[in-house]
1. Name, by its number, the condition in (1) assigned to a helix (DSSP H, G or I); (2) surrounded by 15 or more Cβ atoms within 10 Å (Cβ to Cβ) that does not hold for Pro12.
2. Find all pairs meeting these conditions: Cβ atoms under 7 angstrom apart; at least six residues apart or on different chains; first residue within region 1-28 and more than 11 Å from Asp118 (Cβ to Cβ); second residue aromatic (Phe, Trp, Tyr) and modelled with pLDDT of 90 or more.
3. Taking region 87-127, which residues are closer than 19 Å to Val34 by Cβ and out of contact with any helix residue (DSSP H, G or I) (no Cβ under 6 Å at 6 or more places or on another chain)?
4. Looking at region 83-98, I want the residues that are under 24 Å from Ser21 (Cβ atoms) and have a partner that is aliphatic (A, V, I, L, M) and modelled with pLDDT under 90 with Cβ atoms under 6 Å, at least 6 apart or on another chain. Which pairs are those?
5. Could you look through region 51-75, keep only residues that are crowded, with 17+ Cβ neighbours inside 10 Å and β-branched (Val, Ile, Thr), and pick out the one that is nearest to Leu94 (Cα to Cα)?
6. Within region 19-27, is even one residue in a helix (DSSP H, G or I), exposed (fewer than 14 other Cβ atoms within 10 Å of the Cβ) and not acidic (Asp, Glu)?
7. Of Ile130, Ile49, Ile26, which residue is β-branched (Val, Ile, Thr) and in contact with a helix residue (DSSP H, G or I) (Cβ under 7 Å, 6 or more places away or on another chain)?
8. Residue by residue through region 58-93, note down the ones that are at pLDDT below 95 and of a type in the set (A, V, I, L, M, F, W, C).
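The values are calculated or read from the model by the stated rules, or taken from the named source; none is laboratory data. Keep in mind it's a predicted model, so treat the numbers as computed, not measured. All Cβ positions, even for glycine, are placed from backbone atoms using ideal geometry, and neighbour counts span all protein chains on display.
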Amino acid sequence: MPNTAFTPSTWPGKRLGLPESGPRSIARPGRRFVAIAIDWASAVLISVILFNYDPLATLAIFAVLQSVFLLTANGSIGHLALGMRVVPLAGGYLGIWRPLVRTVLLCLVIPAVIWDLDQRGMHDRAVGAILVRR
């Protein structure tokens, strides 16, 4: 039985059949953190302009931005700015339910910070999606 543990000779996504680098490889943590910072900053800016920075409004704006951009462009503002996109693991169309469920789980935070060996957050695993480089 082959060892499926993450070892120095493997890379995130290898078990999923994804390349080590380049297009369709797993988006690495540095890009992810910068992307979420861009997304959150966008939500804060809109909240400041429209609601004099209300924390609940900021979270709602963040959720709406995530959902709308995932539904229309397969990635949030931060993802697209940094050359990433969310795709279904099995390929095809992301659909409507995946972006909505993924966004709810992302807003809960905990599922997003628990990663597997392929650097997929539990919010991505739950919907059968993966964040890859374009």
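1. That leaves (1) as the condition not met.
2. These pairs meet every condition: Glu20/Trp11.
3. Those that are closer than 19 Å to Val34 by Cβ and out of contact with any helix residue (DSSP H, G or I) (no Cβ under 6 Å at 6 or more places or on another chain): Val109, Val113, Trp115, Gln119, Arg120, Asp124.
4. Here the result reads none, with nothing in region 83-98 linked to a residue that is aliphatic (A, V, I, L, M) and modelled with pLDDT under 90.
5. The selected residue is Ile61.
6. Just the residues of region 19-27 that are in a helix (DSSP H, G or I), to begin with: none.
Looking for residues that are in a helix (DSSP H, G or I), exposed (fewer than 14 other Cβ atoms within 10 Å of the Cβ) and not acidic (Asp, Glu), one finds none in region 19-27, hence no.
7. Only one candidate passes the filter, namely Ile130.
8. Residues of region 58-93 that are at pLDDT below 95, as a first pass: 89-93.
Leu89, Ala90, listed by residue number.
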